[in-house]
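Novice: Have a look at the structure that comes next, please.
The values are calculated or read from the model by the stated rules, or taken from the named source; none is laboratory data. Computed from a predicted structure; not experimentally measured. Here the Cβ is made from the backbone with ideal geometry for all residues, glycine too, and neighbour counts use every protein chain on show.
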Amino acid sequence: MVSVARMMKGIVPRDEHVARGRDEETSSLHEPYVYDLFWKSGTGRTRRDKITATNRIALFGKMIERHAEMEKDFFVWNISRAMRFQAKARDY
């Protein structure tokens, strides 16, 4: 595929993004987070998704692998993170 991601330092190929995401997923030392986000591929409709990943690099790798289409721009925005395991609140 020729899907690319634009970064400050130039263009990173799709396969490199996916490889970086897989590496980050396996090397993480903490529990995964649940990310809530919006994404759009090309001129298709906007979709909302929840993805479990250890960090944003792993998140983008998963999203590109699952949803990016050939010759179309891929957008991800409004990323919010919630911890998967949260401490219980105490009432005083």
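Novice: Of all residues in segment 24-33, count the ones that are among the hydroxyl-bearing types (Ser, Thr, Tyr) and assigned to a helix (DSSP H, G or I).
Specialist: So the count comes out to 2.
Novice: Those residues that are assigned to a strand (DSSP E or B) and either farther than 13 Å from VAL76 by Cα or under 9 Å from the mean Cα position of the chain (by Cα) (or both), I need them from segment 34-44; list them, please.
Specialist: VAL34, TYR35, LEU37, listed by residue number.
Novice: So which residues in segment 9-33 are aliphatic (A, V, I, L, M) and under 14 Å from the mean Cα position of the chain (by Cα), if there are any at all?
Specialist: VAL18, ALA19
Novice: For segment 42-49, check the following and say yes or no: at least one residue is modelled with pLDDT under 90 and surrounded by 15 or more Cβ atoms within 10 Å (Cβ to Cβ).
Specialist: no
Novice: May I pose another question? Considering only residues that are touching a strand residue (DSSP E or B) at 6+ places or on another chain (Cβ under 6 Å) and hydroxyl-bearing (Ser, Thr, Tyr), which ones fall in segment 27-73?
Specialist: Residues satisfying the conditions are TYR33, TYR35, SER41, THR46, THR52.
Novice: Hey, another quick one. Looking only at segment 45-77, count how many residues are assigned to a loop (DSSP other than H, G, I, E, B) and either of a type in the set (Asp, Glu) or without any contact (Cβ under 8 Å) to a residue 60 or more places away in the chain (or both).
Specialist: Number satisfying all stated conditions: 7.
Novice: Would you mind telling me which numbered condition in (1) in contact with a Leu (Cβ under 9 Å, 6 or more places away or on another chain); (2) modelled with pLDDT of 90 or more TRP77 fails?
Specialist: TRP77 satisfies all of (1) in contact with a Leu (Cβ under 9 Å, 6 or more places away or on another chain); (2) modelled with pLDDT of 90 or more except (2).
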